[in-house]
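These notes are about the structure you will find just below.
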Amino acid sequence: MFNLVESLIDAWSTHEQVIWNLQIVFMGIMVSLSCGLVGCFVVVRRMALLGDAVSHGILPGIVIAYLLTGSLSVGPVWIGACIAGLGCGACIEWLRTKTPLREDAAMGLTFTSFFALGIVLLSLEVGQVHLDPACILYGEIGLTPLAPELVLWGVPCGNQALWNMGLVCLATMISTVVFYRFLLVTSFDTSLARSLGMPVASIQYGLMLLLALVVVASFESVGVILVLAMMILPPVSSSFLFRRLPNILLSCLPLSILYSLGGLHLAYWMNFPISASMAITGVVIFLPCCLFGPNGGIFTNTKSLSIQEGSKGIPIN
Amino acid sequence: MKATLPKPLEIHDLTVAYQKKPVLYGIDMEVEAGSLVGIIGPNGAGKSTLIKAVMGIIKPVDGYVKIFGETTRKAITRVGYVPQRASVDWDFPVSAMDVVLMGRFSHAGWFRRISKRDRIFAAECLEQMNMLPYANRQIGNLSGGQQQRVFLARALAQQSDLYLMDEPFEGVDAITEKAIVDLLKSLRNQGKTLLVVHHDLSTAKEYFDQLALLNLRLVAFGETQDVFTHDLLQRTYGGKLTVLSEIGSRQVEHKQPPSAVL
């Protein structure tokens, strides 16, 4: 059972297993790539905990949408999640302005209440529909190959779950590229964004909508709790390797591939759940970055050196 | 329709409050084109708040701001803003060049690629602030003075007509201080209008053509030699002035601009 090599070969031994595992690996790559891209902007905006809060706060929206429609298809669930997210925002704003509570306390209170409400709703059995709480909370990426076949105009086109995630992943990549400047400037300097005539508030809301979409599309695979790991790990790991945002964004792709492959094999080897194994792989990759990364790693702290060098304030030429 | 060009900045009866506590009270100001105005006053006088209200970041309780005769919303793209150093996230993953290029975004078009012309122009702006050798450095790896020069290069790249700067001299070295003064004067000579929040009374007289003395209200606004008087400064700074005015008069006696340290 604990034989590493054997378990790795075992995962790819037969044709059926290759197909089965490839679907899981692709799903993992698309989930962590979408989460990572959104996560880069969430992290540079110093909103990492807001991402956590949002992923919890939208749970009642997900459950209600499921109870109403009887399916976990991305569209209705996303709408439900966005409504719950807006509800959260309104509650926080109300608590913050009408009571002496500070913002952090208001956020902590609201999101945990919404999360609790979501869990309570999960245990409800309305009619015939029933949701497995473990699947929502922890995700089950291993079940990806069991998703129904997508049939378009009578032609079978492959795994429905992969198609859904693929579309969300594509949408995330396209929005990142198209709105890159808006996201960059509003994250770095809101007053500059304003003086360039950018709609600062709309961009903020747009990013929140994208965040909700990615969480909704990913939670079946990695769960509403571990989705945050997939968001935070890529940007914080590569921030030790790269100094510019485009490089950090690009590094999300190789990191996603590593997380997905590493997670699958770790799960095979030790008989772990795959989603948690992906997060563990992410942490294992994070550690050497944090320790030896050229950009502020603990054992290679070039940052303080170059500040001393620069503090002479004398230009080279 | 007026025959004259609209003024770069008109502030009328501007009142700003944080949670019902007024921090700016009935400010009236009209700034002519090509002015280099220093905004001085004690801590908590509302200097930064005034800049933020002009930028439209803070909504006033009363009064209005007009920029080139238009609302802030409409004319905001003609305004360049240099933020206070403390308000910038210096760990943000951008290089000096990236920061300056941001100033070109509204010229380059939102979705088009940054053209070679924009890149060359941004490099020229960095060069003007003597920062071109550091173009690829992450901004956190620059000294305080260098960071400030990057932001001034960005302001240059924006090619704005009205500049608002919040404490650009805060925590910079002597070379940068000199570079900023030269830049301010050269922009003024190009007919740009500059409002600069400044906290150092000993240099205020030397750096600015006009001064706005602020302490919740606008105590005085006019040519530097007319308003930089003991009486008006006393009214602006209250009891704190004794020490400050001594520093000020000592500075005048020695006639020692900070660049002379070199």
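Miscellaneous remarks
- Sequence-ordered 3J(HN,Hα) estimates for segment B:71-78 from the Karplus curve with 6.51, -1.76 and 1.60 and θ = phi - 60° stand at 5, 3, 3, 7, 9, 4, 6, 8 Hz, glycine and proline given as x.
- Ranking of A:265, A:56 by neighbouring Cβ atoms within 10 Å, starting from the fewest: A:265, A:56.
- Taking amide hydrogens as placed 1.01 Å from N in the peptide plane, the amide H of residue A:297 sits under 5 Å from those of A:302, each at least 5 positions away in sequence or on another chain.
- A Cβ-based charge dipole, computed about the Cα centre of chain A with Lys and Arg at +1 and Asp and Glu at -1, lands at about 1320 debye.
- Segment B:3-107, dipole about Cα centre (Lys/Arg Cβ +1, Asp/Glu Cβ -1), debye to the nearest 20: 180 debye
- HN-Hα J in Hz across segment B:83-91 - Karplus 6.51, -1.76, 1.60, θ = phi - 60°, x for Gly and Pro: x, 4, 4, 5, 8, 9, 8, 6, 7
- Choice from A:154, A:297, A:282 showing the highest fluctuation, given a GNM over chain A with Cα pairs closer than 10 Å: A:154
- Chymotrypsin sites (Phe, Trp or Tyr not before Pro) lying in DSSP loop within segment A:57-97, provided at most 12 other Cβ fall within 10 Å: none
- Gaussian network model of chain B, springs between alpha carbon atoms under 10 Å - residue of B:60, B:93, B:42 with greatest fluctuation: B:93
- Residues with amide H under 5 Å from that of residue B:17, placed H, sequence gap 5 or more: B:23, B:61
- Max mean-square fluctuation residue, GNM over chain A, Cα-Cα springs under 10 Å, options A:233, A:207, A:95: A:95
- Total charge dipole magnitude, segment B:125-246, about the Cα centre, Cβ charges on Lys, Arg, Asp, Glu only, Debye to nearest 20: 260 debye
- Shielding of A:180-192 by partner chains, average beta-carbon count, 10 Å: 6
Every number here is computed from the coordinates shown, using simple stated rules; none is lab data. Owing to the predicted nature of the structure, the values given are computational and were not obtained by experimental measurement. With ideal geometry, Cβ positions are generated from the backbone for all residues, glycine too; neighbour counts draw on all protein chains shown.
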